[in-house]
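The values are calculated or read from the model by the stated rules, or taken from the named source; none is laboratory data. Predicted, not measured: the structure shown is a model, and the values here were computed from it. Don't worry about glycine lacking a Cβ; one is built from the backbone with ideal geometry, like all the others, and counts go over all protein chains shown. For accessibility, only protein heavy atoms count, side chains too; no ligands or nucleic acids. Shrake-Rupley method; radii C 1.70, N 1.55, O 1.52, S 1.80 Å.
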Amino acid sequence: MTPHINAKPGDFADLLLFPGDPLRAKYIADTFLEDAVEVTNVRNMLGFTGTWQGHRVSVMGHGMGIPSISIYAEELIRDYGVKTLIRIGSCGGVAEDLKLRDVVVATGAGTASLTNRTRLAGYDYPAVPDFDLAMACHQQAQRLGIPARFGTVFTNDLFYGRDPALLPALQRMKVLAVEMEAAALYAIAAEQGARALTILTVSDHLLMTEEASAEERQNSFSDMVDLALATGVQSA
């Protein structure tokens with residue numbers, strides 16, 4: 001038990017899906033997993049463990065932003081022995097040819113945050129996912145017929161009030177999308193000896209006013225969960 005997770009030792013599986021919203025975690029447990037049981041609920045950050053196609057899988061919310069995901073990721077790995085964490089969430093599109101509801105797999109994550117520099121003695125850390133996980137994800141996307149885009153994302157601390165110079169710079173560097181957690185997750189997994197990957201759906205686009213509806217987000221969310229589960233199980 002930790003200050004933020006009240007699960008017992010052994011409650012979490014080696015493979016964990018990691019949405020931001022704890023209610024999304026509950027939805028995944030109820031919809032995709034069999035025999036799922038709630039294993040933690042401190043501050044309503046819900047976590048569950050069940051099975052998928054006979055494989056033991058956990059799912060837990062991580063909240064919004066680097067500070068929140070950093071707490072949960074570190075405790076899950078260090079105190080509960082979770083070996084593979086796959087973040088599933090939403091992102092804002094940057095690439096002009098990226099469409100709403102597209103699936104994006106983050107093969108690298110730049111960031112405006114200083115947390116990774118703090119971990120690396122003041123230098124930039126190359127935040128990348130586990131290679132085997134990324135390869136398995138590419139294979140499973142092809143098998144499932146999900147046209148996922150693989151490329152870099154930008155992890156920002158700010159949801160509102162972005163620097164107006166940021167978007168042109170991201171486009172110049174061919175960054176696909178922006179989100180708020182991947183860079184920290186990759187660094188923590190590397191530091192703690194675990195594996196991590198981030199799979200996202202485009203819920204809005206920084207160059208458009210259109211946003212995906214709740215129903216559209218849910219439909220694309222299902223593709224993302226299917227891809228995350230197949231990836232995690234294949235690479236176990």
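When volume of the Cα convex hull per residue in Å³ is calculated for this entry, the matching label among (i) 145; (ii) 119; (iii) 134 is (ii). DSSP beta bridges confined to the chain are antiparallel in about 35 percent of cases. Carbon and sulfur together cover what percent of the accessible area of the range 16-85 at a 1.4 Å probe radius? Exposed carbon and sulfur together represent 50 percent of the surface.
As a rough guide to protection, the peptides 185-194, 204-213 ranked by mean Cβ packing within 10 Å, highest first, stand as 185-194, 204-213.
Against the chain, whose longest principal axis is taken from its Cα atoms, helix 22-32 shows a tilt of about 70°.
Using a probe radius of 1.4 Å on heavy atoms only, what accessible surface per residue do you get for the chain? Whole Å² is fine.
Working: 11000 Å² over 236 residues.
It amounts to 47 Å² per residue over the chain.
The angle between the Cα long axis of helix 214-234 and the longest principal axis of the Cα atoms of the chain comes to about 60 degrees, rounded to the nearest 10. A dipole drawn for the range 154-199 from +1 and -1 charges on Cβ atoms has a positive end, and of Y160, L185, T198 the residue lying farthest that way is T198. Counting lysine pairs in the chain whose alpha carbons fall under 26 angstrom apart, excluding pairs fewer than 8 residues apart on the same chain, gives 4. Between 0 and 90 degrees, the angle of helix 182-192 with respect to the longest Cα principal axis of the chain falls at about 50 degrees.
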